[in-house]
Structures are given as structure tokens and as C-alpha cells.
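The values are calculated or read from the model by the stated rules, or taken from the named source; none is laboratory data. This is a predicted model, so every value here is computed, not measured. Using ideal geometry, Cβ is built from the backbone for each residue, glycine included, and neighbour counts are taken over all protein chains shown.
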Amino acid sequence: MTRASTAAKTHCARFTGMADFLASLPGHGKARGARFTGGESFEDSRRNCVDGWPHIVARAEGLLDQIEASGLLAAGQPAYVLDVAGAFPCVPAYLAGVPDNMFRRAPSTQMGEQSPLTLYLDVCVSAGVSAKQLTERGIAILTLVLALSRVRPVDLCLYATLGASGEFNAIIPIVPIATAPLDVSSATYALASAGFLRNLCFAYAEPRGFDGNWAWHQNPMDRAFRDRVRGVLDAQPQDLVIYGGHVSDPHIAQPVEWLKEQLALHLPQGDAE
């Protein structure tokens, strides 16, 4: 059963799974531009969410094989993380006025194989992100889930940070994806398609006042926005939250390099070789 809350003008709906989310949608969705949705209609997106995109799994597994064969993920390999001081700037963070706008190198976290991890993914991206870029981002994220699942329990949860005007100023549906075993149909399509966000999530939000902005009408690069998101999600310090982004954000502009950094940070020592 869906659990919804409306604290501080934020409509947060926690669904039990993809089927629960799909059942909440209207019978029909607005027609949107083919380039915006990857050529999918509302009906296409709803059907694909059930049938999945099997070819995405093959691409993710192939990418993981390439990374493993390259030897770039040696145990203890440092990765870049954002901080107030570092070797070089993160331009989008700097322009957004975020204090943590410098990249510094950090060693891999040392976690036991049984240490659980919840990965939260915001499916929201700016309108300038193409359907192809969303697919490449989704493949990188699915690869991350597959890799981490080999060595530790991983929970995957999708969410969308949608802005609104009227009764609410934020609409945040939260949809968990089964990972033991992985719900391949839901995961492959929702992670890698433009239609899941721009047809299905928009259709959920529009009757609740969705106005095309980010949640709370804030910049997703801002620390205040991200702190607020973690609070709504009830994310724990060890959880990995992938926030919504713009065209220049690393998980959109350079998804494979971003993937390598995440694997180096979150794989236990000795399991990244």
C-alpha cells in the first residue's frame, strides 16, 4: 500500500514497488515531443515498464566486463570526491554556489562484504538532457548495482524531485526496485529511459500541481536541496544518493568515468580487481 505524507507542502508518496506506482497513474497521459521522451507515448512507457529493456542488461554486463579487464579498479584506487578544497574545480558546483566545489582524491572506503547499501536514484534531470544521455547514464547506474550486488546486499530505490505550485511545492514519488533477485524488467527500463520520467512520473505529478521545476524550486546542486532530499528519503549516512542533474553533471556528461569512481569508493578492499 502506498504511504503518502504532505509535510511542509511536500507531497511524498512511498510506493511498495513498481506495480503499486503504475496503479497510481491516470489512464492516459499528455502527448509530449518524441525527442523529449525517446519517441515513446505514455502507453509505450507504461508497457515498457512491465516488459523491461533486456538489451540494457547486456550492455551493463559488457561494460562491467570491460572495466574489470582494464585493471583500472585495483583495490584501494583513489577516487575523486567533492570537498571545500581539492586539486581542481567542479564547474557546475562552483557556478551554483555550492561550498563543496573542488575535487580531491580519496581512498576507497573499507567496508565488509556484508555491509548493506541502499542506492537512491533521482530519475529527474534537466530538460536539456537527451534520451540517449539518459540511457547511457542508466547503463552506468545499472552496472554499479550489478557490481555492488556481487559482494554486498544492495537495495535500489528510485525517486523523482518534481516541483509544484499550489497545494504543494514538491512532489516526490519513491519507488523501490526489488534486488534479491533484481527486478530486471522494472530496473532496466526505469533506469535507462526518458519515458519513465517524462511520461510516467510527470503523469503522476501533474494532477498534484507539477509546474516543470525542481522540487521546492531549488537548484539540485545546492547543499540545502540535497540535505532536504536526504531527509525526505530518510537516507542514512552510509547510503548512496544519486541526485538529479544537469547536462554537465559527471553522471550524465561522463557516466563511465563516474561509474569507475563510484566502484572505487564503494567496493570493499580486495574486490575491485
Kindly evaluate Q218 against the criterion of being under 25 Å from F36 (Cα atoms), modelled with pLDDT of 90 or more and more than 17 Å from the chain's Cα centre (by Cα).
yes
Could you please tell me which pairs satisfy a Cβ distance under 8 Å, a separation of 6+ or placement on different chains, a first residue in segment 1-29 that is within 19 Å of D51 (Cβ to Cβ), and a second residue that is part of a loop (DSSP other than H, G, I, E, B) and modelled with pLDDT of 95 or more?
F21/F15; G29/S41
Check whether at least one residue in segment 227-240 is of a type in the set (V, I, T), within 18 Å of I139 (Cα to Cα) and touching a Ser or Thr at 6+ places or on another chain (Cβ under 7 Å), and report yes or no.
no
So, first residue in contact (Cβ under 8 Å) with a residue 60 or more places away in the chain in segment 251-262, second residue among the charged types (D, E, K, R), Cβ within less than 9 Å, six or more apart or across chains; the pairs are H251/R137; I252/E136; I252/R137; P255/E136; P255/R137; V256/E136; W258/R137; W258/D249
Conditions (1) crowded, with 21+ Cβ neighbours inside 10 Å; (2) assigned to a helix (DSSP H, G or I): number failed by E136:
(1)
Quick check on this structure: which one of T10, T118, T2, T6 is at pLDDT below 90, under 21 Å from the mean Cα position of the chain (by Cα) and among the polar types (S, T, N, Q)?
T2
Only one of (1) surrounded by fewer than 21 Cβ atoms within 10 Å (Cβ to Cβ); (2) at pLDDT 90 or above; (3) in a helix (DSSP H, G or I); (4) of a type in the set (A, V, I, L, M, F, W, C) does not apply to L25, and that is (3)
Go through segment 147-168 and report how many residues are within 24 Å of A127 (Cβ to Cβ), touching a Leu at 6+ places or on another chain (Cβ under 8 Å) and among the small types (G, A, S).
1
I67: passes all of (1) surrounded by 12 or more Cβ atoms within 10 Å (Cβ to Cβ); (2) within 29 Å of T161 (Cα to Cα); (3) at pLDDT 70 or above but (2)
The conditions are (1) outside any loop (DSSP other than H, G, I, E, B); (2) closer than 22 Å to R230 by Cα; (3) at pLDDT below 95; (4) among the hydrophobic types (A, V, I, L, M, F, W, C), and L146 fails exactly one of them. Which is it?
(2)
